[in-house]
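Read the figures in this text as sums done on the coordinates, not as results from a lab. On a predicted model such as this, the values are computed, not experimentally measured, just so you know. Because the Cβ atoms are built from the backbone with ideal geometry, glycine has one as well, and the counts that use them run over all protein chains shown.
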Amino acid sequence: MAWRSHGQTNDELVDNLKAHNIIQHDEVEKAMKLVDRGLYTPHNQYMDAPQSIGYGATISAPHMHAYALELLHEQLKSGGKVLDVGSGSGYLSACFAMMVGEKGKVIGIEHVPNLVTQSIKNIEKHAPELIASGRVKISVGDGRKGYEPEAPYNAIHVGAAAEQGVPDELIKQLAPGGRMVIPVGNKLGMQALEQIDKLLDGQIVRQSLMDVMYVPLTDKDSQYTKWRRKIFKVKDL
Ligand code: SAH
């Protein structure tokens with residue numbers, strides 16, 4: 001049951017996600033217990049709902065984080081390589097790193113520079129070795145282009161909704177046997193979470209899983225403009 005797994009502590013939140021069958025694998029439970037959501041957002045840390053982290057971005061709801069980790073768990077084995085597009089608070093990048101272990105690597109791409117800085121600080125609060133060793137690398141960039149220098153990726157997670165369809169570049173950067181989880185659709189509540197598999201022979205298999213609501217995968221200026229309009233209640237900026 002989505003939206004209903006609130007807790008008083010991180011452990012309680014994760015236990016409730018498990019009790020509601022959203023978390024099904026021990027590896028996912030372990031990763032979410034190792035990464036305390038309280039270190040990634042100052043507000044309502046253990047509520048099962050998205051929270052604003054500024055700049056028009058949110059840290060996604062815990063149940064959406066759990067779904068993403070579950071959908072990708074086969075690709076998040078030891079040594080796996082992961083691309084986290086729209087890495088925001090850095091929470092999921094840290095969970096991915098816990099799952100792929102010391103031999104794995106996580107690349108986060110986020111287009112708001114302040115969020116990149118904050119996400120690195122968030123991870124350093126509890127696992128500075130992830131940043132120092134380069135097992136997690138978060139860079140400023142347009143995630144629609146992926147991150148070619150480290151491709152291909154076993155898992156690609158996109159944390160913002162692709163309004164114009166799935167970027168070709170991301171499909172190209174998926175490894176054979178790899179899986180991408182991406183919300184697709186426009187902002188009017190018509191988004192679906194898609195699972196895109198690249199089979200070993202290169203064939204692409206797409207599946208629409210559930211209706212979701214994510215902030216748009218867009219260009220930085222339009223995200224900022226919308227955000228400033230909302231915060232300052234100004235029509236023309
Ligand atoms: N998984 C993140 C989700 C953050 S919300 C978390 O739970 O913390 C989605 C993020 O995508 C925002 O931080 C937003 O700034 C970012 N984003 C939107 N469009 C983008 C783009 N084209 N390139 C990179 N990041 C983008």
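A few remarks follow.
- Every residue from the range 6-17 that is closer than 19 Å to A94 by Cβ and surrounded by 15 or more Cβ atoms within 10 Å (Cβ to Cβ): G7, N10, L13, V14, L17
- Among the residues making up the range 1-36, those that are assigned to a helix (DSSP H, G or I), under 20 Å from the mean Cα position of the chain (by Cα) and of a type in the set (A, V, I, L, M, F, W, C) are L13, V14, L17, V28, A31, M32, L34.
- Boolean, A57 is more than 30 Å from P176 (Cβ to Cβ) and within 14 Å of the ligand (Cβ to nearest atom): yes
- Residue satisfying all of: in the range 180-193; under 16 Å from H157 (Cβ atoms) and either away from the ligand (no atom under 16 Å from the Cβ) or more than 15 Å from the chain's Cα centre (by Cα) (or both); surrounded by the fewest Cβ atoms within 10 Å (Cβ to Cβ) among these: A192
- Any hit, the range 32-54, residues being within 14 Å of the ligand (Cβ to nearest atom) and under 21 Å from R179 (Cα atoms): yes
- Scanning the range 69-90 for residues that are surrounded by 24 or more Cβ atoms within 10 Å (Cβ to Cβ) and within 17 Å of E194 (Cβ to Cβ) yields L69, L72, Q75, L83, D84, V85, G86.
- Matching entry among E129, E124, E150, E163 (being of a type in the set (D, E), under 20 Å from V82 (Cα atoms) and touching a residue at least 12 places away in the same chain (Cβ under 8 Å)): E150
- For the range 184-232, the candidate set comprises residues that are outside any strand (DSSP E or B) and of a type in the set (A, V, I, L, M); within that set, the residue that is nearest to G54 (Cα to Cα) is I231.
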